Amino acid sequence: MNVLLYIIIGMMAVVGGWWFIRHQRKLRLRAHLMQEAIRNRDFTFRMPTDGMFFGERAMQDTLNQLGETIRQQVNQSEVESWERLTRVLTHEIMNATAPITSISQSLLNRTDVKETPLEDGIRAIYEISQHLNNFVVNYRKMSELEKPVLTNIGLYTLTDEISKAYPELKWELNVPADLTVRADIGMLRQVLMNLTKNAIEAHAQKMVVEAEKGEMICLYIGNDGLPIPAENRQSLFVPFFTTKRGGSGIGLSLSRRMMVLQGGILELSERMCQGCHTAFILKINHSS
């Protein structure tokens, strides 16, 4: 009897030891995956909590939430850094182009310049400097955003409004009718319009809008336009970056700033809606 008891205890110890080692290896793998995600600036990681003790589960839930917090802070820091840089650049551009515009305009009014070979060259200098001045002025107007006024917004009503404003596109709205978010309606409408205009410029025929509930409301905006080349994906939200002829490179960077001011996020989504080649994700706070 004692021998059988010892055998049972021994088997339980072996099984328990094997389970403990296997459990620790799983935890170590989770830690490694999270470390690699952070190293690659991917803060979207969410590790499952199945098979964990309650203390481990609480720790994993906290780490999952921490990833989202880091993601928001990184986006906010990037926006603030680009704001400071562009403020300096626009100031320097204005200082440099203002005298060029003034001098070239004065030269064009001189009688000894009119109808001479010099006129075309001076006019080109004037027009380019004027274009730069107008660009900086417009950017300043757009970037000097007022403090957002947060209200509860019906998400379906707003997305339906946007879809009716662009009837040339085929729209698929998968947004619950009762879903509300806490945001500035003017800013959120502008962000959605910017994404729609970008899709049209990419020759999209269809827009897909899907909403998911979580810690924040996730709104996926997909389109079937030309896909974004891999080499451009990291630069999409950089101010003045554009691949379009005549583009300003302001729309997406301004849209991200609007979302950050509201406590939200705007990113290029790795998840593709069905039939879409490009998708963005907006993360918006729940209504209060």
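Structural remarks
- Tabulated pairs, the range 170-183, first in contact (Cβ under 8 Å) with a residue 60 or more places away in the chain and within 20 Å of Gly264 (Cα to Cα), second of a type in the set (S, T, N, Q) and in a strand (DSSP E or B), C-beta under 7 angstrom, 6+ apart or interchain: Thr180/Asn152; Arg182/Asn152
- The lone exception for Lys283 - which of (1) of a type in the set (Lys, Arg); (2) within 25 Å of Lys164 (Cα to Cα); (3) not in a strand (DSSP E or B) it fails: (3)
- Among the residues of the range 192-220, the ones that are assigned to a strand (DSSP E or B), in contact (Cβ under 8 Å) with a residue 12 or more places away in the chain and not small (Gly, Ala, Ser) come to 9 in all.
- Here Leu268 clears all of (1) touching a helix residue (DSSP H, G or I) at 6+ places or on another chain (Cβ under 9 Å); (2) over 23 Å from Tyr166 (Cα atoms); (3) surrounded by fewer than 18 Cβ atoms within 10 Å (Cβ to Cβ) except the condition numbered (2).
- Test: residue in the range 271-278 that is at pLDDT below 85 and within 20 Å of Met193 (Cβ to Cβ): yes
The values are calculated or read from the model by the stated rules, or taken from the named source; none is laboratory data. Predicted, not measured: the structure shown is a model, and the values here were computed from it. Glycine gets a Cβ as well: all are built from the backbone with ideal geometry, and neighbour counts include every protein chain shown.
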